[in-house]
Amino acid sequence: MRNQGETNTLASNKQLCDLDEYSLAHVFLFLNVGDLDRCVLVCKKFQHIIQRVVFPKKCKHALVTGSDHGAALSPYHYTRRKRVKLDENWRYGRYEERSYFHHNVMYISQLAIDKDCLYMTHGGRLQAHRRTKSVHMIDTRIAWMVGSVGDSDITSLAKKNNRFFAGRMDGKILLYEHGSGQQHLQTITNDIIKAVDFNKDVYAVTTKNESTYVFNYSPPDRELLYDGDVFEHSHVYPHAYETIKLNNNLLAVGKFHCSKKRALQLIDLYSCTIQQLNSPSTAVYDVLWKDEHCILCGNFDTTMRLVDVRTGNDEACWTDPYNASVYCLSYNGTYAVHCGMKYHYRTNLYDLRAPNRCVQMYFPLKKNSNFSPVYRIAADCSQMFVVTDHNLRILNFDADWAATKDYASI
């Protein structure tokens, strides 16, 4: 039998590569991509564990790049290692920035993206720009457009697949099918349209001062331009809201001001009832559905809240470190929420798994004395698109060479 001294000697001579694969994988999960790249060069055993176990697991739990939704919006196809590296860049503030479409007159563009194009509004025109794999990231030439700059300004835009639904200042709504080229313009009110959304053939519109309308859509028989009304009134609610989002038969709505601190409400389209949720908000600027039961809302009171519609209560709350209102939201489908803030072109990154903690703040380069809010925001796994009152800013996180701008610990 071995004595105690021999046992201690054997234990002291044990090396890292002598550990079993499960233990090694657990150790490697604590390393960053740079350290893992060096470990891959040690031996084939390390290489196998890191490439087959560690990177897939780190990618699965990544904050920004672990989402299949975010990857589907990107024009690039990234390996698991690259997605983990991108996630580190998001967390540590490593990115390059470019500005496009500068205009001297203050105007808030509406924004949407997919893997092929960036869609923006300018005045009354909806225009598409090809996303490229060059350093410029987008082609500034217009790929296609609907409407003209001289038309009444587009104030809200919703996109699903190839269908675009927009509201305008003159009280008209625009429906455009890019695949068929079919478009329809219909007047529904004399008030300014504040927000629109749609789900299948149910469309919702809210105005600045008057009402909220719910429509059923009947596709026209004729191609291209159809002169008759294709939207039929389903219900009219005598309340105006700042923002709306549809989810099957439920419409999440946020008021611009509510003295009773019940600005977040829920409309049941089946029963036509309005429920005031218990989230204590004086004003709600943007809402998103996290899933069929939970709402994310950006508020005037400097918070982003996660609200369960089954109980009507807050499940979690995130407060801005600089006491700025949350103007807009973008959700990647898993854990990451990007918030456009009121001051300094700033955006915040939050992790739904870590309440009341800001993962990172991004301060785009300021070239003048303007302190614009971020009015619209969209993101995929490697790029973030930010609309200010004078331009579009693109932050590219596929930039391992860029300087780190880490404001997480402020």
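Points worth noting:
- Most to least packed among 268-278, 15-25, 318-328, 104-114 [average Cβ atoms within 10 Å]: 318-328, 104-114, 268-278, 15-25
- Counting only Cβ charges, +1 for Lys and Arg and -1 for Asp and Glu, the dipole size of the chain around its Cα centre is about 1200 debye.
- Environment charge of residue 169, counting only residues whose C-beta is closer than 13 Å and scoring Lys/Arg +1, Asp/Glu -1: 0
- Judged by the mean number of other Cβ atoms found within 10 Å, the most tightly packed of the peptides 201-214, 230-243 leads the ranking 201-214, 230-243.
- Options [x] 24.5, 96; [y] 22.1, 73; [z] 30.2, 110 - which one matches Rg and Dmax of the Cα atoms in Å as calculated here: [x]
- Positive-pole candidate from 391, 198, 50, dipole of the chain, charges at beta carbon: 50
- Computed from the C-beta positions of residue 256 and residue 25 and an R0 of 51 Å, the FRET efficiency is 0.50 to the nearest 0.05.
- For the pair the range 327-345 / the range 239-302, the C-alpha centres are spaced 17 Å from each other.
- At full extension, residue 293 and residue 133 could sit 53.9 nm farther apart than now, given 0.36 nm per residue minus the alpha carbon distance.
- What the chain shows is 47 Å² of accessible area per residue, with the surface traced by a 1.4 Å probe over protein heavy atoms.
- When the charge dipole of the chain is built from unit charges on Cβ atoms (+1 for Lys and Arg, -1 for Asp and Glu) and taken about the Cα centre, the candidate among 319, 187, 407 whose Cα reaches farthest toward its positive end is 407.
- Taking the protein heavy atoms of the range 16-61 in the context of the full set of protein chains, the accessible area attributed to carbon and sulfur is 58 percent at 1.4 Å.
- Leading residue at positive end of dipole, the chain (Cβ point charges), from 216, 13, 288: 13
- Ranked packing of 279-287, 352-360, most packed first, by mean Cβ within 10 Å: 279-287, 352-360
The values are calculated or read from the model by the stated rules, or taken from the named source; none is laboratory data. Since the model is a prediction, treat every value here as computed from it, not as a measurement. Positions of Cβ are generated from backbone atoms using ideal geometry, with glycine treated the same way; all protein chains shown enter the neighbour counts. The protein model used for the area step is the full one, side chains on, heavy atoms only, and it has no ligands, DNA or RNA in it. Shrake-Rupley method; radii C 1.70, N 1.55, O 1.52, S 1.80 Å.
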